[in-house]
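Peer 1: Dropping the structure in here first, questions after.
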Amino acid sequence: PTACATDTNDTTMDVTRANFEESLQELAQAIADPRFAFWSFDCEFTGLTSGPSATFDLLDTPEERFLKVHESVKNFAVLQYGVCTWSFDPLTRTWSCRPFNFWVFPNKDNVFGCQASSMAFLASNGFDFNKVIREGIPYMSPADRARANAQRLRAAARPPIVATNERDRDLVTRFVRQITEWLAAGDDAEGQAATATAATAVAAAA
């Protein structure tokens with residue numbers, strides 16, 4: 001008979017934004033293991049069905065079920081992404097697994113839906129909503145990332161706004177001086193750094 005054992009070195013690895021990079025390296029090492037056989041994954045969503053038309057039916061064909069799932073997940077956010085790698089040792093004929101639990105939270109500009117029953121289910125099973133919001137790894141969809149990159153490129157290519165006449169230069173200099181004086185009233189390091197930045201802007205505008 002074939003036995004199943006969990007890696008003796010680790011239990012489930014909690015992955016947050018603080019240890020994301022090092023955890024990815026460990027996940028890559030687990031996949032690169034010559035004994036690696038397969039991996040499985042699971043997700044926790046803020047909802048499962050977006051409406052009556054997306055409700056699962058026992059008579060759904062595989063194509064119909066896929067379309068319903070696809071329609072639903074577009075409206076909800078992933079809060080946890082679990083990955084488990086499985087390896088088989090032919091000498092001892094045992095399986096070992098390494099689970100990784102990624103806490104993820106959408107990018108700050110993302111808008112997503114929630115289903116009351118799904119949120120209640122997570123809460124009843126001890127899901128830590130504070131942790132996922134504070135420590136979750138930020139993410140965005142490929143389409144959102146493409147739009148963000150395009151906006152960044154447009155902003156970088158946009159020529160700087162330069163005051164070209166004396167009246168405009170005097171106006172800019174006066175505003176920057178007022179802001180500099182206001183920031184100078186602060187004693188903290190952040191205020192002093194902002195003051196230095198504003199002083200540089202004054203020199204550039206002059």
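Peer 1: List every residue whose amide H lies under 5 Å from the amide H of Val15, counting only residues 5 or more places away in sequence or on a different chain, with H placed 1.01 Å from N in the peptide plane.
Peer 2: Asn101, Phe102, Trp103
Peer 1: Still on this model: Output wanted: per-residue J couplings in Hz (rounded whole) for segment 78-86, from phi through Karplus 6.51 cos²θ - 1.76 cosθ + 1.60, θ = phi - 60°, x for Gly and Pro.
Peer 2: Running phi through 6.51 cos²θ - 1.76 cosθ + 1.60 with θ = phi - 60° gives 8, 10, 9, 10, x, 10, 10, 9, 10 Hz.
Peer 1: Go through segment 17-32 residue by residue and turn each phi into a ³J(HN,Hα) via Karplus (6.51, -1.76, 1.60, θ = phi - 60°); whole Hz please, and just put x for glycine and proline.
Peer 2: Whole-Hz 3J(HN,Hα) from phi for segment 17-32: 5, 6, 10, 4, 5, 5, 5, 4, 5, 5, 5, 4, 5, 5, 6, 6.
Peer 1: Follow-up. Determine the shape class of segment 48-167: with a ≥ b ≥ c the square roots of the Cα gyration tensor eigenvalues, call it rounded for a/c under 1.5, and otherwise prolate if a/b is greater than b/c, oblate otherwise.
Peer 2: Judged from the Cα gyration tensor, segment 48-167 comes out prolate (a/c at least 1.5, a/b above b/c).
Peer 1: Okay, next question. Under a plain spin-label model, where a point goes 7 Å from the Cα along Cα-to-Cβ, how far apart in nm are Asp168 and Phe36?
Peer 2: In this crude label model, Asp168 to Phe36 measures out at 5.7 nm.
Rule-based calculations on the coordinates, nothing more; no lab input. Predicted model, so just to flag it, every value in this text is computed and none were measured. Counting neighbours? That spans all protein chains shown, and the Cβs are built from the backbone with ideal geometry, glycine included.
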